[in-house]
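Below you'll find the structure, written out as structure tokens, and then a few comments.
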Amino acid sequence: FVRNPWDRMVSAFHHFQRERQDVLKQHQIVDIEQFLDWLLNVPLEDSVRPALIVALRRPQLESLVDLQGEIIVDFVGRYEHLLEDFEHVRQRLSLKSIDLPHKRCSQRRRDYRTSYSDRLAAQVGEHFACDVKAFEYEFDDPSAVLSRVDAGHGPQWRQPKLMQLGRKKGALAC
């Protein structure tokens with residue numbers, strides 16, 4: 001499963017606000033702009049949790065390709081359509097029906113776009129350029145701001161270019 005990189009970074013900031021306030025205080029971070037400037041640039045040796053920083057900095061595409069850049073999965077679910085895409089996976093694996101629980105719910109606004117200045121949106125877009133391209137994300141994509149239980153939108157089975165490009169050797173390297 002992948003997530004819109006701009007939404008993912010806002011979620012990361014709220015995670016730190018909720019569960020790692022000590023880190024924010026240590027680095028005198030009070031807003032998302034300071035957080036992302038820190039997250040994307042802090043030397044790992046200066047980080048309290050280097051593994052978490054590496055995971056957040058890492059493009060999601062890297063988890064879906066082999067060393068030659070070839071796609072190693074046959075379906076990429078999207079967080080933006082979590083329930084529908086989870087159901088698709090469940091059916092393909094012939095698993096019994098289950099309700100996907102929503103743990104650690106955030107109280108944040110749903111629309112990540114309000115958190116960004118033009119500069120910051122461009123910085124995140126550049127940092128995660130391979131995710132943006134491979135998964136066809138756009139900063140202003142309205143489908144990325146839907147609630148996870150929005151019954152008005154059915155499953156999005158159209159796979160992004162990733163699935164077509166992945167058959168070419170080295171086509172997806174970041």
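The values are calculated or read from the model by the stated rules, or taken from the named source; none is laboratory data. What you are looking at is a predicted structure, and each value in this text was computed from that prediction instead of being measured. Don't worry about glycine lacking a Cβ; one is built from the backbone with ideal geometry, like all the others, and counts go over all protein chains shown. Surface areas here come from the heavy atoms of the whole protein model, side chains and all, with no ligands, DNA or RNA. Shrake-Rupley method; radii C 1.70, N 1.55, O 1.52, S 1.80 Å.
Some observations on this one:
- Residue selected from the stretch 25-35 under the condition within 21 Å of the chain's Cα centre (by Cα), without any contact (Cβ under 8 Å) to a residue 40 or more places away in the chain and assigned to a helix (DSSP H, G or I), by the criterion surrounded by the most Cβ atoms within 10 Å (Cβ to Cβ): PHE35
Table: residues versus (1) touching a Phe, Trp or Tyr at 6+ places or on another chain (Cβ under 8 Å); (2) under 14 Å from ARG8 (Cβ atoms); (3) modelled with pLDDT under 90; (4) open to solvent by less than 30 Å² (accessible area, probe 1.4 Å).
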site	(1), (2), (3), (4)
ASP37	no, no, no, no
LEU44	no, no, yes, no
ARG78	yes, yes, no, no
ARG119	no, no, no, no
HIS127	no, yes, no, no
ASP131	yes, yes, no, yes
PHE139	yes, yes, no, no
SER143	no, no, yes, no
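- SER63 vs. criteria among the small types (Gly, Ala, Ser), at negative phi and either free of Cβ contacts under 8 Å to residues at least 40 places away in the same chain or loosely packed, with under 15 Cβ neighbours inside 10 Å (or both): yes
- Residues of the stretch 46-62 classified as polar (S, T, N, Q) and more than 17 Å from SER11 (Cβ to Cβ), total: 1
- Lone unmet requirement of (1) part of a loop (DSSP other than H, G, I, E, B); (2) farther than 19 Å from ASP7 by Cα; (3) not small (Gly, Ala, Ser) for VAL89: (1)
- Any hit, the stretch 90-109, residues being of a type in the set (Gly, Ala, Ser), open to solvent by 80 Å² or more (accessible area, probe 1.4 Å) and more than 16 Å from the chain's Cα centre (by Cα): yes
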